[in-house]
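Notes follow once the structure below has been shown.
The values are calculated or read from the model by the stated rules, or taken from the named source; none is laboratory data. Being a predicted model, the structure only gives us computed values, none of them experimental. Here the Cβ positions follow ideal geometry from the backbone for every residue, glycine too, while neighbour counts run over all protein chains shown.
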Amino acid sequence: MGRPATRPKKLKDGYYIEIRNKGSKTGVKLYSPSKMQMHRTIKMYERSKEVIILGESVNGKFVEKNPTVHVVE
């Protein structure tokens, strides 16, 4: 037992997206090692979920600070 970890996990180098139900405020972060695999994952979820592209992570930090919302109507 003991105290839970309070330090955030380090991010792997690669691309991250967040998948959430439409209208929801929270979701699940998904990791892809390459941009092509990230686009493949977006295609899989874009019909039924809201997809937010968080961007590329290098050395544990995101390269671009502004996430992009990818929604298909």
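Val28 meets all of the listed conditions (1) touching a strand residue (DSSP E or B) at 6+ places or on another chain (Cβ under 6 Å); (2) surrounded by 11 or more Cβ atoms within 10 Å (Cβ to Cβ) but one, namely (2). Restricting the first member to the range 36-63 and to residues that are on the phi > 0 side of the Ramachandran plot and among the small types (Gly, Ala, Ser), and the second to residues that are outside any helix (DSSP H, G or I) and surrounded by fewer than 18 Cβ atoms within 10 Å (Cβ to Cβ), the beta-carbon pairs closer than 7 Å and six or more apart or on different chains are Gly55/Phe62; Gly55/Val63; Gly55/Glu64; Gly55/Pro67; Gly60/Lys10; Gly60/Leu11. Can you name the residue in the range 41-57 that is at pLDDT 90 or above and over 12 Å from Tyr15 (Cα atoms) and, of all such residues, is surrounded by the fewest Cβ atoms within 10 Å (Cβ to Cβ)? The residue in question is Lys43. Of the residues making up the range 10-23, those that are more than 11 Å from Val51 (Cα to Cα) and part of a loop (DSSP other than H, G, I, E, B) are Lys10, Leu11, Lys12, Asp13, Gly23. Is there a residue in the range 27-38 that is at pLDDT below 90, closer than 20 Å to Val69 by Cβ and assigned to a loop (DSSP other than H, G, I, E, B)? No, the conditions are met nowhere in the range 27-38. For the range 1-23, a residue qualifies if it is loosely packed, with under 10 Cβ neighbours inside 10 Å and either among the polar types (S, T, N, Q) or within 17 Å of His70 (Cβ to Cβ) (or both), and the qualifying residues are Thr6, Lys22, Gly23.
There is no residue in the range 20-32 that is charged (D, E, K, R), touching a Ser or Thr at 6+ places or on another chain (Cβ under 7 Å), within 17 Å of Ser57 (Cβ to Cβ) and without any contact (Cβ under 8 Å) to a residue 60 or more places away in the chain.
Considering (1) surrounded by 11 or more Cβ atoms within 10 Å (Cβ to Cβ); (2) in a strand (DSSP E or B), the lone condition that Val69 does not fulfil carries the number (1).
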